[in-house]
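Visitor: Mind looking over this structure? Questions follow.
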Amino acid sequence: MTNTDFSSPDSKDRLLRDDIDGNDVLTTPKIIQVSTKYGYVLVTQQGLHDRPVIVTYHDIAYNSTTQFHNFFSTPEMMPITAHFTIYHINAPGQEDQGQSLPTASIYPTMDQLAETVNDVFDHLNIKAAVGFGVGLGANILVRFGLKYPAKFYGLMLVNCITRGVGWLEGFSLKWPTKDIPNQQWTESLINYLMWYHLGSETRSSQPDLVDSLRDHLENGINVKNAIKLLNTFLKRTAIPMSRSSDMNKKGNIIITLQCPVMNVTGISSPHKDDVIDTNDRCDPATTSYVEFADCGGAPLEEQPAKLAESIRLFLQGLGYISHLSIPRFSIANRLAEQAADYKRRHGSFSKPPRRVSAHIDSGHYAEDEPTEYEEKIEVLVDSFYNPNV
């Protein structure tokens, strides 16, 4: 009979993985239809019921299936999925295999879409939740969080744009969007969305991701409905946010998010400047900025493990899942492994360097020759312990 140390982190992780792998509830979404002031909204649920709630909102030309289901089913995210009830909100008409909206129908504005989030909260009896939005979805959740501050414990925002469409952006969009009234994709519109979702560097360095996104845009969504949502985003108004230090002498009321916020982007994301601007207008005491190296505009696809670690740490900062051990891919775990390797090479009583960021080699830590001053200090210390010196 094999003895297992159930107190070790590896054993806990293994037991947790076995429990997760055998539970189809975590990976098979449940579909919920919600009636809102602006039409029906389809919500999909992942995770078990009666757990702390995470509410997500997708980006342009995506939906809950294509943006979040696979991400929350990755090995790095499954421990989080197992401990939360996750509701993915689809914008009207954006759900998987959704029917085309009437051509003459007026699509909700960004503020009205934020109101549909409140209708979802009321229908599902959600008192408060953690929000997770990407792009357009992040903008909508910020609008909702400003109007209903008590309904968010925290917000995780990826590529969040809170500014309106400026004249330069409007001029650059004039050619790609001239065919929007036709409600069909053109090459210029597809190229714009490819840049919007990936950025220039990712488009040139990851051809597989580019081909996958193009196939999704051309064959995986309802084009007419997606263009209606895109048109709403391009007509967005700026979100009036400012941090408390920006209060002027007139004593204007400061509008800012009341909950902890994590702003996430990639180092080559086309929205990096917008994310920095959003971050600057949040409360610095409760806001963190995360920027991934080797990542463009799609962190969920380009750096899922790093994003999962950031989400785990953010949720633990809110008081959730504190019992989960450090993941294998975390920086803290890598440093611990490097310190253990250093002790194996140099003896268990040797003190490892404070931070090791590269492969450990004994030559990297060769001791320098002591200076004359250091030799004198050493003699004085020795004489204190040994009078014969």
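The values are calculated or read from the model by the stated rules, or taken from the named source; none is laboratory data. Fair warning: this is a prediction, and the values are worked out from it, not measured in the lab. Neighbour counts are summed over all protein chains in view; Cβ atoms, including those assigned to glycine, are modelled from backbone coordinates with ideal geometry. Accessible surface is based on the protein model in full, side chains and every heavy atom, while ligands, DNA and RNA are left aside. Shrake-Rupley method; radii C 1.70, N 1.55, O 1.52, S 1.80 Å.
Visitor: log10 I(q)/I(0), Debye, Cα-only the range 108-150, no solvent, q = 0.20, 0.22, 0.28 Å⁻¹?
Guide: Computed log10 I(q)/I(0) values: -0.57, -0.69, -1.09.
Visitor: Karplus couplings for the range 203-212 from phi (6.51 cos²θ - 1.76 cosθ + 1.60, θ = phi - 60°), rounded to Hz, Gly and Pro as x?
Guide: With the stated coefficients, the range 203-212 comes to 4, 8, 9, 10, x, 5, 5, 5, 5, 5 Hz.
Visitor: Okay, next question. For Gln206, which sequence-distant residues (separation of 5 or more, or a different chain) have an amide H within less than 5 Å of its own amide H, given hydrogens modelled in the peptide plane?
Guide: Residues meeting the amide H criterion: none.
Visitor: Figure the gain on full extension for Ile253 and Ser212 (residue separation times 0.36 nm, minus the Cα-Cα span) and round it to one decimal in nm.
Guide: This chain segment gains 10.2 nm when fully extended.
Visitor: For the pair His323/Ser204, report the inter-label distance in nm, with labels modelled 7 Å from Cα in the Cβ direction.
Guide: Placing both labels 7 Å along Cα→Cβ, they lie 5.0 nm apart.
Visitor: Still on this model: Kindly write out, for the range 76-93 in residue order, the coupling ³J(HN,Hα) from the Karplus curve 6.51 cos²θ - 1.76 cosθ + 1.60 (θ = phi - 60°), rounded to whole Hz, with x marking Gly and Pro.
Guide: So the Karplus estimates, Gly and Pro as x, are 6, 9, 4, x, 6, 4, 5, 10, 9, 9, 10, 10, 9, 8, 9, 4, x, x Hz.
Visitor: Whose amide H sits under 5 Å from the amide H of His83, counting only residues 5 or more places off or on another chain, with H placed in the peptide plane?
Guide: Residues meeting the criterion, in which the H sits 1.01 Å from N, do not exist here.
Visitor: Still on this structure, I have one more. Testing the spin-label approximation: label points 7 Å from Cα along Cα→Cβ at Asn125 and Asn219. State their distance in nm.
Guide: Taking the two extended label points, one gets 4.4 nm.
Visitor: How far, in nm, would the chain grow between Gln99 and Ile32 when pulled straight, counting 0.36 nm per residue and subtracting the alpha carbon separation?
Guide: Result for the pair: 22.5 nm of gain on full extension.
Visitor: Sticking with this structure for a sec: Ignoring ligands, DNA and RNA, what percent of the accessible area of the range 15-125 is carbon or sulfur (1.4 Å)?
Guide: Using a 1.4 Å probe with all protein chains present, the range 15-125 comes out at 50 percent carbon and sulfur.
Visitor: Moving on. If amide hydrogens are placed 1.01 Å from N in the peptide plane, which non-local residues have theirs closer than 5 Å to the one on Val261?
Guide: Leu155, Thr287, Ser288
Visitor: What does the accessible area of Arg243 come to, in Å² to the nearest 10, when a probe of 1.4 Å is used?
Guide: 60
Visitor: Could I ask something else about it? I need the phi-derived Karplus couplings for the range 257-262: 6.51 cos²θ - 1.76 cosθ + 1.60, θ = phi - 60°, integer Hz, Gly and Pro marked x.
Guide: Once θ is set to phi - 60°, the couplings for the range 257-262 become 5, 8, 10, x, 10, 10 Hz.
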